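The values are calculated or read from the model by the stated rules, or taken from the named source; none is laboratory data. Since the structure is predicted, the reported quantities are computational estimates derived from the model, not experimental observations. As a convention, Cβ positions derive from the backbone with ideal geometry for all residues, glycine included, and neighbour counts pool all protein chains shown. Accessible surface is based on the protein model in full, side chains and every heavy atom, while ligands, DNA and RNA are left aside. Shrake-Rupley method; radii C 1.70, N 1.55, O 1.52, S 1.80 Å.
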Amino acid sequence: MAIHFNHTILLARDSKTSADFLADMLGLPAPRRWWPFYMVTTDNDANLDYMDTEGEIVRQHYAFLVGDGEFEAIFNRIRERNLRYWADPGQRKPSETNDHDNGRGVYFEDPNGHLVEIITRAYGSGGWNP
């Protein structure tokens, strides 16, 4: 059997609001409820399962490979909502995008501070070496 990434759990203050945010930002179908989770499913059938917590939320990073058209649509939603965004994961380049591997990339935060990244080229695919 081939190995495929299936799911991960993201802690949230409000799992429904957080899942709705991610699905809307990425242009994905509305989240599904399953047990204590609100599940956002990507086009390759991987799930991001938001789960409520009252404890500490440790910031995580999630990267999504998207096409040029999807990048533009997502980036437009970022700007329309006046969300802060960065060209780098260290958030030292605010209000910028990057062009790594001859593509485009940008980082923004979800409502819990998780860092969401969208890129149009997989890292290492275009010769970029930091």
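Across segment 62-103, which residue is nearest to residue 25 (Cα to Cα) among those that are in contact with a Phe, Trp or Tyr (Cβ under 8 Å, 6 or more places away or on another chain), of a type in the set (S, T, N, Q) and open to solvent by less than 60 Å² (accessible area, probe 1.4 Å)? Among those that are in contact with a Phe, Trp or Tyr (Cβ under 8 Å, 6 or more places away or on another chain), of a type in the set (S, T, N, Q) and open to solvent by less than 60 Å² (accessible area, probe 1.4 Å), it is 97.
Among residues that are over 19 Å from residue 19 (Cα atoms), among the acidic types (Asp, Glu), surrounded by fewer than 16 Cβ atoms within 10 Å (Cβ to Cβ) and free of Cβ contacts under 8 Å to residues at least 12 places away in the same chain, residue 56 is not included. The lone criterion from (1) within 26 Å of residue 80 (Cα to Cα); (2) in contact with a Phe, Trp or Tyr (Cβ under 9 Å, 6 or more places away or on another chain) left unmet by residue 27 is number (2).
If only one of 92, 77 is among the charged types (D, E, K, R) and in contact with an Asp or Glu (Cβ under 9 Å, 6 or more places away or on another chain), which one is it? It is 77.
The listed residues are 27, 69, and the only one of them that is out of contact with any strand residue (DSSP E or B) (no Cβ under 9 Å at 6 or more places or on another chain) and without any contact (Cβ under 8 Å) to a residue 40 or more places away in the chain turns out to be 69. Selection of strands (runs of 3 or more DSSP E) fully inside segment 37-127 by the criterion of at least 2 residues being of a type outside the set (A, V, I, L, M) returns 37-41, 47-52, 61-65, 105-109. Against the condition of a type in the set (S, T, N, Q), assigned to a strand (DSSP E or B) and over 21 Å from residue 97 (Cα atoms), how does residue 8 come out, does it pass? Judged against the criteria, residue 8 is a match.
When residue 33 is tested against (1) closer than 24 Å to residue 5 by Cα; (2) part of a loop (DSSP other than H, G, I, E, B); (3) more than 17 Å from the chain's Cα centre (by Cα), exactly one condition is not met: (2).
Residues in segment 35-53 that are surrounded by 12 or more Cβ atoms within 10 Å (Cβ to Cβ) and hydrophobic (A, V, I, L, M, F, W, C): 37, 39, 40, 46, 48, 51.
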